[in-house]
Structure formats: C-alpha cells, structure tokens
Amino acid sequence: MTSPLNLAIYDLSREGTLGFREESGARLEEAGPILALFGKGLCAHYLHPKSLHQAPRFLSNPHRVFPFSDGRELYLPETLDIFDTPGENRLVLRLYAAVQAGQWEWGTFQHPCVEEIDGLWGDASRLREWEPLSWIKLFLGRFPLPGLAGDIFITVETARVTASLSRAFCGLKADLRWFLPRLLESSYPHNTPRGILWDLFFALFGYREGVSPVDTLEEMVREAMRVVQPGANLKDSLQITVALYPILEKLLREARDMYKSAFQDWAHDLFLSSLANQGERPTSRHGIPPQGSSTLTIMEGMAETLDGLTFLEARLPAGSGEFLSESLKMEVTEKRNAAEKPTLKVNFPADRAHSDVFPELVECKRFIYPEWDYLRGSYRRDWVTLYQLEKLPDEGGKRDLLKGWEQLVQEVSRQFRMIRHQERRWRKRLEDGEEIDLEEALQGELERRSGIPPSEKTYMEKRRRTREVSAFLLIDLSASTSYPIEEGSHEGETVLQVLLASGAIMAQALEQLGDRYCLYGFSGYGRKQVEVLRIKSFSERLGKEHLERMGRIRSRKSTRMGAAVRHAHHILSAEPASLKLLMVLSDGFPQDCDYGDDRGDREYGLQDTAHALMEAEMDGVVPFCISVDSAGNDYLRRMCSARNYLVLKSVGDLPRQLPKIYLRLRDHW
Amino acid sequence: MAEVEERYQELSYREQVFEEEPFYLPVGDEVEIFRSAYHARIPVILKGPTGCGKTRFLEHMAWLLGKEGGFELPLVTVACHEDLTASDLVGRYILQADHTLWVDGPLSAAVKEGAICYLDEVVEARKDTLVLIHPLADHRRLLPVEKKGSVIKAHPNFLLVISYNPGYQSLLKDLKISTRQRFVAIDFGYPQLSLETQIISQEAGVDESVARNLALLGERARNLEEAGVENGPSTRLLIYAARLIGQGVEPRRACETAVVSAVSDDPVVQEAMRHLVAAVFP
Ligand SMILES: Nc1ncnc2c1ncn2[C@@H]1O[C@H](COP(=O)(O)OP(=O)(O)OP(=O)(O)O)[C@@H](O)[C@H]1O
Ligand SMILES: [Mg+2]
C-alpha cells in the first residue's frame, strides 16, 4: 500500500527541516515557483504550489504513488532531502509536478456537457459552480463507497497520465525508470484494496514485485491494461473504475470485520462528501452495502451511461454571471480603434437603491467596469461597480507622513530640479538645427579629408526636450497594509505609511520636474463596492492640504486590483501626453471576497489584473507594478512582463527607489 | 575609392542574389500570398517574433520569383536601427579630393535595379525614413531623392518589404496607420511541432528524434510567454541547439547554452526551463 520511500517523502516532508541538508535538499519555498512555471510550460496551465499536507487527503496521501491535482493546485513535499544529490531530489519534484500538470494535458478535467448528464445523476446544476474536479466528484458520488471508487479512479487515472507523459517526454521516461523501482522497493505487504491498487499501478508499468493476492491482481491488470496504452482517455479510466469497483468491494465484503474503519473512510470521505451526500445514492450511507447484486446492477447502469457520454475538452461554458461574448470583445477593439474610451458607463449621482447599503457612497461618481474571467476565457460584462471618492468616510487623525524622510525629500527634489534644467541644455548631433556644432563639423571635415563619408549630424539645438508625461500613482490601501514593519529605521510604522510617504515624496519631486501626475488610492469590498480615492488629480497643484489628507488615510479593505487599474486607465486615456505611466504600489496579491468563485482562488484576481494591465498597455499606457511583498515575485511575474515590475524585499526601500524607477521609466520609453 | 564603397556596403546593407534554392518550409499559404502580392506589386509587411523564418522566407521568395519570372531578383536587406536616417537609405554625396561623388544608399540601389528591398524592424528607424516609404509604397512607386532634388521611378521588378515584431517593445513605437495601410500583412508565428521538427532536422542535419525533442521543448517553453518570459525560444535558437548536439555536445548542455541562458536571465525562469529540458532529454 505504500513503501518506505513514499512514507519518507510524506513524513520527512513535514519534519525534514531538522538536519536539512541545504546542499542537496529542496524546499517548497524555492522550488514551488520554479515547478509551477515548469508545469505551466508543460501543460499551459498554472497550478499553485502547495504542500502535500495542505492537500485534501483524498488527493494526496502516502498510499498514492503520486499526488493528484485538483486542477488548480500542485502538491509538493515541503522539503525533500532524501537522496544524496540535488539532481535526484530535483528529479522527484519534477516528476511530481509533471504528473499533476499532465492531468491537464491528457484530459483529466474533461467533462460531459451539462445537458447530457442533467437529471441522469442527480442535479447537474451544481456543476456550474465550476471546479475542475466537480464532475468527477459527481461521478464518484454514485458509487456505494465513493471513497473506494475515488481510490480506484485516481490510481487508474494517474497511471494513464503517467504513461502518456512517459511516451511523450523521453526525459521524464528516464526519470520514471529511475524513480518507480525505488518507490516500489520493499513495499509493505498489505492485503487491502489500497495495497492492491498500489500494486496495480506498478503492475501496469511492468513491475511485478507486488505482494497482492495474485488472482485478484491479475484480473485487475487485465481490466485496466488498456489505460496505459496509447490513445487511452478519461472515459477509459472511468469505465475501468466501474469495472474494478465490484472486485475490490467483494474483497472488502469477504473480510468486512477487518475493514470496518476503512468503510467509514470510504463512505465518508470529506472531500467527496460535498457532492456524494447530496445524490440519492442507492445504498445506505452507513457502512457496508447490503448485497453484491445491487452493486453489480448499479455498475451496469453506470457503464451504460458512460458509454453514451461525449466528453468536452473545454470547460463548462455559461456561468453565474453575464459574460461578455465574442461580439463584445469586438466592440471593445472597434471602440479602441476609434480612439474612444474602453467599454465603460459613467452614472452619477449614484443611484438611490444603492445608497441604503453604502451610505457614504451616495455622493460620489460611480463607474461600471467589466472583469476578465479566465475560467470562461471571456469578460464578465458590467461586473464591477467602482466608486470614486474624494474623501474617506473614516479618516483617522493627523499624522506627519514625511517624518523621518526629510532628507530624502530634499535630495530627490533637488535631483528632479536638476533634471529639469538639464533638459534645457544643448541637444547635439542633429541633421538640422539652430546652430552648427563646431566640434562635430570639425570631425566631419576630418573624416571627409580622409575619404570617409562624413557624418551629417553637425547641428545642435537648445530646446526643451518636450517629453509630455502623465504619471498615475495608484496606491494599495487594503487591510494588509496595516501591518507594521519589523525592521529597519522605520520599524513600527505600517506598510501603508511607507506607501503613502513614497507617494508624497514622489509628488513633491514631480512638482519640481514639472511632469503631470496624479495620486489615487484603492481598496473596497466585493464587486459592488470597489473604492478609488482621489488624493490629487492631474489638474491640481500639490498643496499642504493634499499631504495632510494623505496623513489621515488608514488601511481599508480588500484589493480588487483589476478594477482599480481599469479606472486608472480610463482617467489616463483623457490625458494627451505622449508618455502615460501607471505606477501601482501595493503590498501583495490582488484579492477580494468575490474575486473569483472561491476566495482561495488567487488565479482569478491575478488573471483579471493581468488583463487590466494589458488593456492599458495596448492603449499605450506604460504600466509598472511595484510590490513590497517579499513573496511578490511569484505573482507579479505572471501579471506583467519582466520589464514592468519590481519587487522590493524591504518596504523601507520604496521611498528611495520610487523616484529612481520613475526616472528610468521616463527616460526609457 | 573602391575600398571606401566596399566598406560602406558592408556596414549598412547586404545584397544577395540566390542561385540555389534557400530552404524554406511553408507553414501556411504565405508563399501563394506573397507571390500574388509581388505580381500586383503590393508592398508587404512580415509580422512575427524573432527567428521565426521571416528572413529565410524572403530569401526563398526572391529566389522563387526570380526563377519563375526568368530574371534575377536580388534581395537587399537593411537592418533598421534608431540612428538610421533617410540619407542612410537613399544615399549621399561624399567628397573626393576635389570633387563630390554621389553614393546610392541601399534603397535607391534596390529601386533602380529592381530588387526586393527588405527593411527589417522598420519601427526602429527614425521617423523621417517613413516619408520615403510612403510614395514608394503606393501606386506612385517613386523614391524622392531630396539631396539631388530628383525622384527615382522604381524598376518594375522592385518590391518593398518591411518587417515588424508586434511584440512588447513595439507597443509604443507602433507603425502609423497611414504606413501600415500601404502594405498587405503576412503573419508569421513559430511553426507547429511537426513542421518545426522538419526544419530543425533539415537545417542542423540532426536526426528526427533529436529535432523532435527540440521542437517539443520549444513548443512547451513558449507556454511560458504569458508567465513572465518575454520571448520563448525561437526556431533559430532551437537550430543552434541542434547544431551543438550535432557537434557532439551533450543535449542538456547544448540546451543550457543555446536555450536556457538565451531566453531569460531570471534564475527562477531559467530553473523552470532546465526542468523542461530535463523532461525532454534524458
Ligand atoms: N519555415 C522555415 N523553413 C526553413 N527554415 C526556417 C523556417 N522557419 C525558420 N527557419 C530557420 O530559422 C532560422 C531563423 O529564421 P530567420 O532568420 O528567417 O528569422 P527572422 O524571422 O528573420 O528573425 P529576425 O526577426 O530575428 O530577423 C533560419 O535560419 C532558418 O534556419
Ligand atoms: Mg530576420
């Protein structure tokens, strides 16, 4: 049912930090982002790295040869320090990631179309709460012992995916040849369904050292063999699950006393129960099904139903919201071509119906924005309501934002003033201009005399390099920014204070430089109430009152970043400048209560924000994201291209870095 | 004097006449489209990422159209850069001991002798060059030579082709609509797995299985493009890797130098790419 090596991978994964060998071992912290990218390369889907122990037991436990992904997460050992060389430890991690990523490539998450199964197996409408494994759960829930069926299915399906991987990727094939025998070595003898399934997996790959009862195993291998053949698909795995189920159930029934606890487990697996308990399952939920004959009848029925199903590659189409279809996407492009604003409605004053819920939002401008839903691959139309506030309802007391930064303010302001002057100096090497550049002209004459074609760029000009810039500073005001900083000279201040101080320093510097800029903050709660706070607009000049107001701002709620970015884009699109910069300062992941169907789904917010940034970029805005979250690399990398983001390990660095970044962007573009 | 001219040519452009067929494997209907465009003398934009075969395609087309038409059709290639000016393209006077001498730029040369003139990465060039392109790219087919106060009427065989990488960099340096709409556009992407396999194996002379593994690596590594890698490995890089392997370099090592390091400097991305390499090559 498992082997010393497998147990070691699971156990050490938790406790291995003791005596962990840095030279050879691998840690999830570092390896996770790498393997997630690797998985993305392999199957074009990004899976979030998670520790094996965070996985539902049903998906990952020491009785499994490999963990099974739920389609969103990638389960990996927290530490892996079993083999002596780093290469060998990496190999195991690579296989773990490849097999789980492979589930996408080879169709584990395919599903029949909802209409086909509606009514057939209970209420298919629940499937619309889309989740990659939801259909499989519905299927497994039809078995008298869903947990047992789940064990069979996962074993068979993992074998199918592993075999396909090994056929397609020669390197992985070699990795498997190395790993599988080691994993099988001295497996614990255990004459239970799990033990037999463990042996079945290896037997399918030609390893026969198992300890299972020979007849049963032979029979099962015969039934299951086709799953490792080329061309096997999800349906094969499901059919084989149906075929193997009675064999193992019979085995159980013959020794029912021995496996009492296992029955409980298999009937009540928590992961499956959400769906399993709902369906009118044909047998009692409390233990051993009454007779073998009823199981066989059920299996026959399921086999028949399976035969008739067609599986779809795509995910479930329509969803809970109203979605922007192909035609609307076209609308967006058309509008953009006509140099109009992106799809957006402005309504104000805010409608009354809303005012009961959020009284403080009554008097502000309201904007409606779409949102990108990566699961459906389309926009959710008019999805987010955003309020632009001039003032926060619960502003705190006064506080001197720039305390402790005085010297930096001076330095940066001086530097920006100098740049302004420099921009008025002579520009040289022009083909045409106000005056002849003597130096260049002499050089040209020298070249001419030596018979080389001379440069014609001998003019110069003193004209301000009119670089029209509009810079938008967007500051994250979410609750997480209320964390105090733990080190450095600004210890004890909150992250927000430093974000705001950076904004204030930039503002003062930009006043010196003469570029147009504005400052906004954002937060909110839920899609109906995204807040954007206008701190300073483009047209205002910076005054004491702005700095004072910034000093009063306190951390707010969530981070629905996509909407805020779209709003900034909207405001920027009214700017005539040739360079439009959008700088987002934040402390972490885009997150909101309903940003995606489940709160834990970070992917949704991330993809939406990435889309919002891309929309802006397509429109000529240069976005730049700065995160002061030390884990930021992982997701910023996926939201913006490498040139458009920066992660600062220490918040305290931001005020000093921000002006530098600004100048670099301004110069570069 | 001859020496001067030679050096000048070396620095700024390349003119080639193809006697032998340059190897090109069509990916879609680009050959037919280009042929029709050439016969109608409509200028062409080649769009696509680096190293996907644009240059090779043109070499092939210059050879093919020349052969079909029974004339010599040279290909003049100019790599555009920020400092490239109109005079660099059209030509300029240079001074000799006691007189001046006009030297044609690559564009004038191509216009006069009836070549295909390929302006590679044209968005990089300075804006004033576009002024030249406009009258040349519409029905007038005229090249103004400002310094001489004359215009050149293009040779009937002449065709203007520009290329343009619609990637990230060009978002701000976009082509003007008025320029873009003078051309028909052919989109290039990286070839699909089986075609890329053939290309790699043909170009590098490696066996089918090595080529296929490299093509597979390329295909998968390009999946990372949305995830922080600006450009996945190009066909060109994969061919380099194949050549190294052909020289006896161990495959993983060859990919390390030709692909992993070439594609990204980010250690996380590099490590992920190494895993991809390891997945493909044992
Ligand atoms: N369809 C193809 N047929 C034959 N060879 C190809 C093809 N596609 C790519 N190649 C190979 O890829 C290499 C790179 O192609 P090429 O130099 O034409 O790229 P490019 O698109 O011009 O790149 P760049 O934009 O960097 O100039 C060529 O040398 C050729 O070997
Ligand atoms: Mg080229």
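The values are calculated or read from the model by the stated rules, or taken from the named source; none is laboratory data. Owing to the predicted nature of the structure, the values given are computational and were not obtained by experimental measurement. Cβ placement follows ideal geometry from the backbone for every residue including glycine, while neighbour counts extend to all protein chains displayed.
Some observations on this one:
- With respect to (1) within 13 Å of ligand 1 (Cβ to nearest atom); (2) more than 14 Å from every other protein chain (Cβ to nearest Cβ), the lone exception for B:VAL249 is condition (1).
- Output for the stretch A:71-80, where each listed residue is assigned to a loop (DSSP other than H, G, I, E, B) and crowded, with 24+ Cβ neighbours inside 10 Å: A:PRO77
- Residue check: B:ASP104 meets all listed conditions (1) among the acidic types (Asp, Glu); (2) in contact (Cβ under 8 Å) with a residue 24 or more places away in the chain; (3) buried (at least 17 other Cβ atoms within 10 Å of the Cβ); (4) more than 16 Å from ligand 1 (Cβ to nearest atom) but one, namely (2).
- Residues of the stretch B:50-82 satisfying the condition of being in contact with a strand residue (DSSP E or B) (Cβ under 8 Å, 6 or more places away or on another chain), of a type outside the set (Val, Ile, Thr) and either in contact (Cβ under 8 Å) with a residue 60 or more places away in the chain or not in a helix (DSSP H, G or I) (or both): B:LYS54, B:PHE57, B:LEU58, B:LEU73, B:PRO74, B:LEU75, B:ALA79, B:CYS80
- Failed condition for B:THR50, given (1) within 15 Å of ligand 2 (Cβ to nearest atom); (2) at pLDDT 90 or above: (2)
- Test: residue in the stretch B:108-125 that is exposed (fewer than 14 other Cβ atoms within 10 Å of the Cβ) and either more than 16 Å from ligand 1 (Cβ to nearest atom) or more than 14 Å from every other protein chain (Cβ to nearest Cβ) (or both): no
- For B:GLU196, the conditions (1) charged (D, E, K, R); (2) crowded, with 18+ Cβ neighbours inside 10 Å; (3) within 9 Å of chain A (Cβ to nearest Cβ) are fulfilled apart from (3).
- Restricting the stretch B:37-47 to residues that are in contact with a helix residue (DSSP H, G or I) (Cβ under 8 Å, 6 or more places away or on another chain) and either within 16 Å of ligand 2 (Cβ to nearest atom) or free of Cβ contacts under 8 Å to residues at least 24 places away in the same chain (or both), the residue that is nearest to B:ALA115 (Cα to Cα): B:VAL44
- Among residues of the stretch A:35-50 that are without any contact (Cβ under 8 Å) to a residue 40 or more places away in the chain and more than 7 Å from chain B (Cβ to nearest Cβ), those with a Cβ under 6 angstrom from a residue that is assigned to a helix (DSSP H, G or I) and not basic (Lys, Arg), sequence gap 6+ or separate chain, pair up as A:PRO49/A:GLY32; A:PRO49/A:ALA36.
- No other residue among B:VAL249, B:VAL260, B:VAL268 is in contact with a Pro (Cβ under 8 Å, 6 or more places away or on another chain) and either of a type in the set (Val, Ile, Thr) or buried (at least 24 other Cβ atoms within 10 Å of the Cβ) (or both) apart from B:VAL268.
- Here A:ASP629 fits the description: touching an Asp or Glu at 6+ places or on another chain (Cβ under 6 Å), assigned by TED's automatic domain parsing to the domain that holds A:SER650 and modelled with pLDDT under 80.
- Reported count of residues in the stretch B:193-217, each being closer than 25 Å to A:GLY102 by Cβ and away from ligand 1 (no atom under 11 Å from the Cβ), is 13.
- Members of the stretch B:15-41 that are in a loop (DSSP other than H, G, I, E, B) and surrounded by 17 or more Cβ atoms within 10 Å (Cβ to Cβ): B:PHE18, B:PRO22, B:TYR24, B:VAL27
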